[in-house]
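S.K.: Quick one: this structure, given as structure tokens, is what I'll be asking you about.
The values are calculated or read from the model by the stated rules, or taken from the named source; none is laboratory data. All of these numbers come straight from a predicted model, not from anything done at the bench. Cβ sites come from the backbone with ideal geometry, for glycine too, and all protein chains shown count toward neighbours. The protein model used for the area step is the full one, side chains on, heavy atoms only, and it has no ligands, DNA or RNA in it. Shrake-Rupley method; radii C 1.70, N 1.55, O 1.52, S 1.80 Å.
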Amino acid sequence: MQRTKRTLAALALLLAAALGGTAGCGREGSPPVKGPQPGQLPVYQVRSGFTLPDSPTWNRARKRGHLVVGAKEDQPYMGEKDPATGTYSGFDIEIARMMSASLGFDPATIGFRTIASANRETALQNGQIDYYVGTYTINDNRKKLVGFAGPYYMAGQSLLVRTDENDIHGPQDLDGKRVCSAAGSTPYQRIQKEYPKAELVAYDTYSVCVDNLLTYQVDAVTTDDTILMGYAAKVPDELKLAGKPFSKEPYGIGVPHDDDALRFALDDALAVHEANGDWKKAYDATLGLSGVPAPTPPAIDRYPAG
Ligand code: GLU
């Protein structure tokens with residue numbers, strides 16, 4: 001047992017390094033374990049002559065000369081930053097890039113900012129970012145604070161456990177178990193409300209939860225299947241998903257609350273990239289590496305302005 005614990009502790013450090021060092025130990029030259037190669041990613045046609053005069057966010061970006069986009073940096077397959085190069089990659093990052101091309105900005109010029117789950121609404125409200133693409137579930141509470149284009153993908157809450165765990169098969173098995181999730185996330189809120197006998201632990205990021213799982217500080221990590229599959233793929237001998245997804249998490253692109261012009265432009269852009277094959281190509285080169293074939297994207301919910 002001691003030996004297993006030591007091996008796991010070493011693995012946790014490696015994982016932290018591979019994930020870009022939330023533990024402060026990002027190894028120089030440690031690229032994402034299994035990420036898209038630049039040649040496999042689609043090239044998005046930048047729309048020339050495009051303008052969106054009714055969007056304050058677009059006008060601000062035009063003056064600046066490029067877009068500033070909020071994302072995650074420690075979610076393999078979805079949004080991951082290479083500690084050596086500072087480059088972001090993943091399915092969310094591709095969605096951010098195709099949107100940029102449709103808004104008339106070269107995706108190569110996007111300035112990505114890492115924003116944790118709990119800070120997304122404030123970042124959009126105070127103009128720190130133009131839009132946000134990072135496993136961001138659309139729901140009515142959040143819609144009071146920000147706008148959402150999309151959805152562009154349907155995820156589901158799930159559980160990540162160690163491969164030596166045999167007691168946890170679903171949220172019903174969490175009574176008395178230590179369960180880690182990110183502060184301000186819908187999975188955290190769901191466990192708190194619907195499984196009050198679980199011992200909830202919150203951190204800013206899921207990668208810290210995973211470190212805690214590998215070192216036996218917690219018994220499970222809970223968030224969307226998309227995110228958990230990426231962690232399991234990094235250390236498949238140590239981590240596995242348990243049971244089936246138990247929620248629906250429609251992913252949207254977060255925009256400032258009253259910028260309906262931007263929201264509608266992004267809805268239109270998503271429809272174009274889904275129809276022309278870009279969405280599927282992007283999926284195949286990123287989240288599709290998990291082995292799950294590309295689903296049909298969910299219907300876009302173009303809800304009225306105001
Ligand atoms: N999709 C969930 C949410 O928006 C969990 C993933 C995340 O925290 O980004 O809260």
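S.K.: Please go through segment 188-210 and pick out each residue that is open to solvent by less than 30 Å² (accessible area, probe 1.4 Å) and closer than 10 Å to VAL221 by Cα.
M.R.: Listed by number, the residues that qualify are TYR206, SER207, CYS209, VAL210.
S.K.: Would segment 255-265 turn up any residue that is among the basic types (Lys, Arg), in contact (Cβ under 8 Å) with a residue 12 or more places away in the chain and buried (at least 20 other Cβ atoms within 10 Å of the Cβ)? Walk me through how you get there before you give the answer.
M.R.: First, the residues of segment 255-265 that are among the basic types (Lys, Arg): 263.
Restricting the remaining residues to those that are in contact (Cβ under 8 Å) with a residue 12 or more places away in the chain gives 263.
Filter once more, keeping what is buried (at least 20 other Cβ atoms within 10 Å of the Cβ): 263.
Scanning segment 255-265, I find at least one residue that is among the basic types (Lys, Arg), in contact (Cβ under 8 Å) with a residue 12 or more places away in the chain and buried (at least 20 other Cβ atoms within 10 Å of the Cβ), so the answer is yes.
S.K.: Can you find a residue in segment 86-104 that is of a type in the set (Val, Ile, Thr) and over 24 Å from GLY288 (Cα atoms)? Spell out how you get there, then give the answer.
M.R.: Residues of segment 86-104 that are of a type in the set (Val, Ile, Thr), as a first pass: 87, 93, 95.
Keeping just the survivors that are over 24 Å from GLY288 (Cα atoms) gives none.
Scanning segment 86-104, I find no residue that is of a type in the set (Val, Ile, Thr) and over 24 Å from GLY288 (Cα atoms), so the answer is no.
S.K.: I would also like to ask the following. Which condition does GLY184 not pass, out of (1) buried (at least 20 other Cβ atoms within 10 Å of the Cβ); (2) within 16 Å of the ligand (Cβ to nearest atom); (3) part of a loop (DSSP other than H, G, I, E, B), if it passes all the others?
M.R.: Among (1) buried (at least 20 other Cβ atoms within 10 Å of the Cβ); (2) within 16 Å of the ligand (Cβ to nearest atom); (3) part of a loop (DSSP other than H, G, I, E, B), GLY184 violates only (1).
S.K.: Something else: Take segment 221-241 and flag every residue that is open to solvent by less than 10 Å² (accessible area, probe 1.4 Å) and either of a type in the set (S, T, N, Q) or within 10 Å of SER158 (Cα to Cα) (or both). Break it down into steps so the answer makes sense when it comes.
M.R.: Applying the first criterion (open to solvent by less than 10 Å² (accessible area, probe 1.4 Å)) to segment 221-241 yields 221-224, 226-228, 230-231, 239.
Of everything in segment 221-241, those that are open to solvent by less than 10 Å² (accessible area, probe 1.4 Å) and either of a type in the set (S, T, N, Q) or within 10 Å of SER158 (Cα to Cα) (or both) turn out to be VAL221, THR222, THR223, ASP224, THR226, ILE227, LEU228.
S.K.: May I pose another question? Filter the strands (runs of 3 or more DSSP E) completely within segment 197-264 down to those with at least 1 residues that are within 12 Å of the ligand (Cβ to nearest atom). Quick ask: steps written out before the conclusion?
M.R.: Details: elements: 199-203, 220-224, 239-242, 249-256.
By residue number, 199-203, 220-224, 249-256.
S.K.: Here is a follow-up. Could you tell me whether ALA294 is touching a residue at least 12 places away in the same chain (Cβ under 8 Å), of a type in the set (A, V, I, L, M, F, W, C) and open to solvent by 20 Å² or more (accessible area, probe 1.4 Å)?
M.R.: yes
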